[in-house]
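All remarks here apply to the structure that follows.
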Amino acid sequence: IFRETLSKRGFRVITGLGKYFRQMDKNRNGLLSRAALKEALKVFHLEMPEGDFESLWLILDDNKNDKVDYGEFTHAIFGEMNEYGKTFVRKAYMKLDFNKTGSVPMVDVRKCYCAK
């Protein structure tokens, strides 16, 4: 149900939620507390009954450390990337890794990317 609600709300809500999570992550560890997740959902008008939130939390907090990894959250919501998306990412990476080193320094990213 949560996934359906997010998909109906659109890409802007999803990206806004990601930005909000990164802002809330003061120590930059990529983890969210139960209270932080609940607050973020409230800010984006994605509130749900307490029982539903607890069920969501149990799914997201799979290692039971009372924290949710933002990457795991997005994977749980969006699922696995489809083959088209994977192909697109591979092509972009191959273009960025023009020295074929297996890693891309920020200098090389800046050469190929313009946010405008």
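Numbers below:
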| read-out | value |
| --- | --- |
| Ranked order, 84, 93, 20, 113 - accessible area, probe 1.4 Å, largest first | 84, 113, 93, 20 |
| Top positive-direction residue, dipole computed over the chain with Cβ charges, set 56, 101, 21 | 101 |
| Full-extension gain in nm, residue 97 to residue 43, via 0.36 nm per residue minus C-alpha separation | 15.6 nm |
| Normalised per residue, the volume of the convex hull around the Cα set of the chain (Å³) | 155 Å³ |
| With all protein chains modelled, accessible area of residue 103 [1.4 Å, Å²] | 70 Å² |
| Net dipole in debye of the chain [+1 Lys, Arg Cβ; -1 Asp, Glu Cβ; about Cα centre; nearest 20] | 880 debye |
| Prolate/oblate/rounded call for segment 37-102, Cα gyration tensor, a/c under 1.5 rounded | prolate |
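The values are calculated or read from the model by the stated rules, or taken from the named source; none is laboratory data. Given the structure is predicted, the values throughout are model-derived calculations rather than measurements. Neighbour counts are summed over all protein chains in view; Cβ atoms, including those assigned to glycine, are modelled from backbone coordinates with ideal geometry. With ligands, DNA and RNA removed, areas are computed over all heavy atoms of the protein, side chains included. Shrake-Rupley method; radii C 1.70, N 1.55, O 1.52, S 1.80 Å.
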